[in-house]
Structures are given as structure tokens and as C-alpha cells.
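Below is one structure, written out as C-alpha cells; comments come after it.
What follows draws every value from the coordinates through simple rules; no lab data is involved. Please read these numbers as outputs of a predicted model, since none were measured by experiment. Every residue, glycine as well, gets a Cβ built from its backbone with ideal geometry; the counts of neighbours run over all protein chains shown.
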Amino acid sequence: MEYNSEKYVVTFDKSEVSKCMLCVDPPCTSACPQHADVANILKSMFFRNYIGAVRKLDCDCTYCNAPCEKACVLNTTRLPVGIREILLKLKHDSGILPGNILPEVDISTDICGIKLENPFLLSSSVVASSYDMCKRAFEAGWAGASFKTICNFPQHETSPRFSAIRHHSNSFCGFKNIEQLSDHSVEENMEIFEKLRKEFPTKVIIASIMGQNEQEWTDLAAKCENAGASVIECNFSCPNMEEDDLGITIGQSAELIERFTRATKRGTTLPVLAKLTPNITDMVPMALAAKNGGADGIAAINTINSITGVDIDTLVAEPAVSGKSIIGGYSGNAVKPIALRFISDLSRCDQLSDMHISGMGGIETWRDALEFILLGSGSVQVTTAVMQYGYRIIDDLIEGLREYMKCKGIYSLNKLIGGAAGTIVDHHSIERDTILLPVFDYDLCNGCGRCYISCMDGGHQAIRFDLEARRPLLIGSKCVGCHLCRLVCAEKAIMTAPKVIKR
């Protein structure tokens, strides 16, 4: 059966699933009289692993009085998650899935020749900043981690240091940090590397480093290799380190990138990644500078300079520290389109075709990760989603990717890398002579009229609304096929007609 990535997006109530708090020791699971792993099913749906959710569905809620809903933690403050209805819909739709017996697939890959059991890594940040954290992440299933950036100079953190832009469900859409580098000494971090290497010999330890001069870059690389690191990652992009020859200042200078990459290579035989900043117009020249300095790959993107908002009561930007704030690094799902653009630019450059790309920037689900892979990333790194939901998201990242590959008949992840890169073309090469007209599916349409409003006030006035029948009607002579109506339709009730030549 052909995998249809939108099938469940149509049939289940996303807003209801998004209410789930993803609890610790979830009471809904404990309350299920059929001993179903209710919370894990909801978690898989939350992270768009719909096939995985069906695979876990081993209960029948038809005649159940839903004790799981009565146990829901939301029951004391507002309406609980409608678990019974969600699971009934999932049960109803399970017949559209392929059978359970499908060939296994290989989601292993490599980073500059270093094997990864799967493409999922923790990016250099607080989520990979201690032995205990990396240990728990590795045990959960992450293939490796880029450890929080190691340096020789002291860190002076502030409090608070985070702010966020939220969805209606209260989850992060965008996230800002004004955090600095590792607050452990170099010696302490080397002890952590040694311990992790001994205990987890198959996991990939990426040593993110930042020096103040060439000699420090060389020395740090050498120490990390001796302590058991698998890969060196040069942090040329931290937005919270803007002194001369540090962080983002390096990432905005091709000369500094090349010089410090070369200095790093002098200290190690390990593969070296240059982690680049998106706070520039064109990343390709910076990547080429890293290659000229000897880099084996590129890591991108780091966070974007940002101000997430201003508290309109205190009149101070967020996060407020004693009545002041600073520009910080923006991450989270909101930056994914920008990250994908940079990944595409890098992968389409012929001079960089032999460079590994480790992609990051807004990855929450396996689908997000797959988009990075399809545009050229050989591995992917995650932080913000882990900060919000925990290391446990790895289960659905792995399972969702595997189920997709099984259904597509793709048995090696390496065959997906760059699979969509060639579909990005320049403005002069895009086809402009045909049109796809919208078609309304009145069986799905709920008669809200949002398509009509958007077309009237933001489009080409190509829809009229029949108030009596409560249905939109297309004015074909005015429609330009922009598809704004399709984007605003919450019920996905607008399809397309066959392509026609423009009149």
C-alpha cells in the first residue's frame, strides 16, 4: 500500500490530541481496564506517528465508560482529553494501514564515516551538558550527542535565560535562549567523555568546542580526541558570544572560519564539522571557507538572533533580567523553514557535495527530520523539542521514520538523503503556464466560510458563499489557483482539479 502522509491528519481531531499533557506516570494508562498503553498511543499521535499509534492500539473502547478520561489530570481544571473518541476513530481508521508484516528497514547512517545507529542526535546545548543527561539519552535510543560547547574561559549565566512564543495548545512555537557555554571545566568535561566512551562504545560523541585563539582551538580538539570523542564540532555561531573572534563573530567571517577550522584540524585526526550561523545572507561562502580550512562537514543551523516579545505590563523585553534583556538565539519549530532553506543551499552547491551536512533547526517530529534528510542532511540534531518534551521523543522519531520507509518500500535511509534537493530550482526555472483550480468536497466541508473570507480579503474574490446552503462556490473566471483557500481550510475539504493551461 502507498503511504499517505495526510490520511490521519484528515480523520482525527488534532486539537483534541494536542490537549494531552504528556504526563509523567500517566494516570490514563493506569486507569485503562484493558491495560492499553493509552498515554503512549496519544504521544505517538501527538508527534504525528500515526501508524505507530495504530500498531500500539490493543483495546476496544466501543462499550467502555472511559475511566481513562476520568483519570486525566485535566479533569480537575478543565475538560479532559477526549481519549475514548480519539481511540475509536483510530480503531475505525486502522483498516487503511498496510499489514503488520513488512520488511525491516535500515535507518543507520554515518557522519563522515563514523557509524550512526540512527540519524538522530542531540545538538550542543543544555540537553547534552552532563554525564547523567547523555547517559539517559543514549539509553533512550539517541544515536549520539553534540556535547554542550567546551571552552577554557569562565561562563557567567543569567537568570532567567529563556522565553517562548506559544501555540494555542501552550506548547512552544518559538523559543529564545540567552544561555552561554558549558560551565564545567575542560578537565571535568574530558572525564565525562571518557566515562561515556567506556560505557557507550557504539554511541557517537560530538565534542563541540570554542577557542579564543588558534592554539586553543588546536588544544581543545586534541584533548577531546584523547578523551574519546568521535567527531569535533567547531562552534562558529553561538549568538550569545559576540566578543572579538568568538561565536557568531567567527561565523560571519569567512577568513576567521577558515583560520580556526585549520587550527582545529591541526589538533585532531577526527572528522571536523563547522557549525554555522544563519545570521547571514548566504551560508555557502562560509561553508566553502570551512572546507578550505579542512572541515569534513557542516552543522547548520544554529539559533537566529531574536527578540521574542515585550512584556506590555513591565515594558521590558523577554526574558527580563533586572529590568533589561538582550538579543538571544531563536529556535523551535518556527525556525524550520529558515533552516531548510540553508540546508538546501548547502546541498545544492556542487563544491560542497562531498561534505556531510548535520541539519538542525525546529525538528520536533520524524516528518520534520525527514524533510531535512530529503534536502541533503545526513544526520539531524535536536534540542528545543527535547527541552519541552524530553528524551522520550526518540521513540516516535525512530518508529515514525521506520514505518514511513516500510510503506514506501525504501529499505535504506541513505537512499533518502537529498531525495528532494533537486526539486528546488531558481525563479526562472519554475513552471508558470498552468493552473490548479480548487474543488470543494461538500461531504467534508463544515460550512464555516473561512475560505470565502480569506479569498475575498486576501485573495482574488474568486469564491462566493451560499448562505442558505452554507457552502462555498468557485468563480472559475477569477480564480488564479493560489490555494490560499486550501491552506485556511481546517477540514481539508478543498481538493484540486486536473492541471489546465492558463487562459
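Worth pointing out:
- Whole-number D in µm² s⁻¹ for the stretch 308-458, Kirkwood Cα-pair radius fed into Stokes-Einstein, 20 °C, 1.002 mPa s: 111
- The modelled label-to-label distance between T423 and I453, using points 7 Å beyond Cα along the C-beta direction, is 3.1 nm.
- The stretch 337-378: Rg to Rh, with Rh as the Kirkwood radius over Cα pairs: 0.96
- Using alpha-carbon coordinates, inclination of helix 254-266 to the longest axis of the chain, degrees: 60
- Phi-based couplings in Hz for the stretch 182-199 (Karplus 6.51, -1.76, 1.60; Gly and Pro marked x): 4, 9, 7, 6, 4, 4, 4, 5, 5, 5, 5, 4, 4, 5, 5, 4, 5, 7
- To the nearest ten degrees, helix 83-93 and the longest principal axis of the Cα atoms of the chain are 80 degrees apart.
- Dividing the mean sequence gap of close Cα pairs (under 8 Å, 6+ apart) by how many residues the stretch 7-96 holds gives a relative contact order of 33 percent.
- Summarising the overall dimensions of the stretch 431-501 from its C-alpha atoms, the Rg and Dmax are 11.5, 39 angstrom.
- For T308, residues with placed amide H under 5 Å, excluding near neighbours: E318
- Bins of 10 Å, starting at 0 and running to the largest distance - Cα pair percent for the stretch 301-348: 25, 37, 24, 12, 3
- 20 °C / 1.002 mPa s Stokes-Einstein diffusion coefficient of the stretch 7-96, Kirkwood radius on C-alpha pairs, µm²/s: 166
- Amide H contacts of S208 (H built 1.01 Å from N, under 5 Å, at least 5 apart or other chain): F147, I150, E233
- Counting only DSSP beta bridges whose two residues both lie in the chain, roughly 45 percent are antiparallel.
- Placed amide H near A164: partners under 5 Å, 5+ positions off or other chain: K176
- Too-long pairs where the Cα-Cα distance tops 18 Å, listed order kept, from K275/K324; K148/K265; K176/K336; K265/K291: K275/K324; K148/K265
- With θ taken as phi - 60° and the Karplus curve 6.51 cos²θ - 1.76 cosθ + 1.60 applied, the whole-hertz 3J(HN,Hα) list for the stretch 459-476 is x, 10, 6, 9, 10, 10, 10, 7, 5, 5, 8, 6, 8, x, 10, 7, 9, x Hz, x standing for glycine and proline.
- Counting only the Cα atoms, the stretch 92-238 fills a convex hull of 167 Å³ per residue.
- Projecting the Cα atoms of C485, G419, P285 onto the dipole axis of the chain, where Lys and Arg carry +1 and Asp and Glu carry -1 at the beta carbon, places C485 farthest toward the positive end.
- Here the label points at I338 and I410, each 7 Å from Cα along the C-beta direction, are separated by 2.7 nm in the simple model.
- More than 31 angstrom apart: percent of Cα pairs within the chain: 52
- By the beta-carbon count within 10 Å of each Cβ, the least crowded to most crowded order of F342, F372, fewest first, is F342, F372.
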